[in-house]
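Every read-out reported here was derived from the displayed coordinates using simple, explicitly stated rules and does not represent laboratory data. Everything numeric here is computed off the predicted structure, so don't read it as measured data. Cβ atoms come from the backbone with ideal geometry, glycine included; neighbour counts cover every protein chain shown.
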Amino acid sequence: MALSTISSDGITDATIATGDIANDAVTNTKIADSLVQGIAAVWIKQDFNAPATDDSLNVSGTTDNALGDFTVTINTDMGNANYAITGMASRLANNLNYHVVMTHETTAPAAGLYRLRCSDVAGNDKDGQHVSTAVHGDLA
Amino acid sequence: MNQEQIKTPNFQNTHVYKRLVWAKENLKKYYSDYRIVYEDNVDECAKIMTPDPNWMACALQGGILPPLEAYSKLKEDEKKPNFERHSKGYLLHNSTPVKAMTEEQAVEYLIKKDCPKSVWKNYNKSNKLKMIICKKNQLPSNRKWRNTWKIKEELVNEDN
């Protein structure tokens, strides 16, 4: 079908034969078979204090290494360690020390895991009550 | 937990991430009481691994998780000095998924997947156990002295 035949009303149903879009075209099947860039490859909401995982996606387990120190192990590995982690932590109830979460200084992220450190603003390790992290990047 | 009424689609050759999305939409989270306690550094406190509830649901359901060998191959590649990016992700997605496991089998699988090999391979090869599996209620309930937790010396290593 030549492009010049498209009217200002758009393409009417059944204008394009299946054969015309079989190759090199965007189809629902192809869209369904590719993972969308931009969606979180991993996410998890943890309570370090319980400790417990409230909910998650693409996580196989968590390891409580020490106070305010947890490792998240990824179920479907990332393509490499060059992914972006975003995170947020809350303070404990009735505690005025605000908590921050960061990647742990002793362990670099790997394709299959990342280690978190949660501390108060003075740098003391703390078990945050609502610790959320998400990973964006390429999956293996 | 009884999820056998939900039939797992044939997921071989399906990206594992997509399987996990399916599982999240169709399976109920399973909170295991098992905890894996291990020590990989004598100067550090004991570490406690907990199975993820969504992951455990997948393990019990079957037909979703890749075989352990696929993870091992990827770990080997990642250790190579010239590693830039995984090129064998297809091993995760194209291998025959593992069948439904019992909770105990799933814990063993998780240990081999996520615990350091130096721990689980030799957990009972020294005087003191490097790793034990326990129930959640066997752990201290107060985390005040969390950084002093160690596996009890008195625990008997039955293989020695």
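Structure notes:
- By other beta-carbon atoms within 10 Å, ranking A:K126, B:K88 with the fewest at the front produces B:K88, A:K126.
- 15 Å reach of a label modelled at A:T106, 7 Å along Cα-to-Cβ, counting backbone N of the stretch A:52-71: A:63-71
- Shape class of the stretch B:32-92 from the Cα gyration tensor (axes a ≥ b ≥ c, square roots of the eigenvalues): oblate, since a/c reaches 1.5 or more and a/b does not exceed b/c.
- Calculated mean residue ellipticity, 222 nm, chain B: -9500 deg cm²/dmol, from DSSP H runs (n ≥ 4) at -39500 (n - 2.57) each, averaged per residue and rounded to 500.
- Close amide-amide hydrogen proximity is noted between A:L139 and A:G79, each under 5 Å apart and 5 or more residues distant or on a separate chain (H modeled in the peptide plane; Pro and chain starts excluded).
- Subset of B:K24/B:K75; B:K28/B:K121; B:K29/B:K79 violating a 29 Å alpha-carbon distance limit: B:K28/B:K121; B:K29/B:K79
- Derived scalar couplings ³J(HN,Hα) [the stretch B:130-146; Karplus, 6.51 cos²θ - 1.76 cosθ + 1.60; whole Hz; x for Gly, Pro]: 8, 8, 9, 10, 9, 9, 3, 6, 8, 8, x, 8, 9, 8, 4, 9, 3
- Hz values of 3J(HN,Hα) by residue in the stretch B:46-55 - Karplus curve (6.51, -1.76, 1.60), Gly and Pro given as x: 5, 9, 10, 9, 10, x, 5, x, 6, 5
- Short-range pairs are left out: with C-alpha atoms under 8 Å and at least six residues apart, the relative contact order of chain B is 29 percent.
- Scanning residues 5 or more positions from B:L65 or on other chains, those with amide H under 5 Å from its amide H are B:V98, with H placed 1.01 Å from N in the peptide plane.
- Here's how it looks for A:L116: its modeled amide H is under 5 Å from those of A:F70, A:T71, A:V72, A:H104, which are all 5 or more places away or on a different chain.
- The stretch A:60-75 - phi-based ³J(HN,Hα) in whole Hz, Karplus 6.51/-1.76/1.60, Gly and Pro as x: 9, x, 10, 10, 8, 7, 4, 4, x, 9, 10, 10, 9, 9, 8, 6
- By other beta-carbon atoms within 10 Å, ranking B:L110, B:L68, A:L57 with the fewest at the front produces B:L68, A:L57, B:L110.
- Once C-alpha pairs closer than 8 Å and six or more residues apart are averaged by separation and normalised to the residue number of the stretch A:42-136, the relative contact order reads 36 percent.
- Among the GluC sites (Glu not before Pro) in the stretch B:80-160, those located in a DSSP loop and surrounded by at most 13 other Cβ atoms within 10 Å of their own Cβ are B:E84, B:E153, B:E154, B:E158.
- Helix B:16-26 axis versus longest C-alpha principal axis of chain B: approximately 90°, rounded to the nearest ten.
- nm² value of the averaged projected area, convex hull over the Cα atoms of the stretch B:16-148: 10.1
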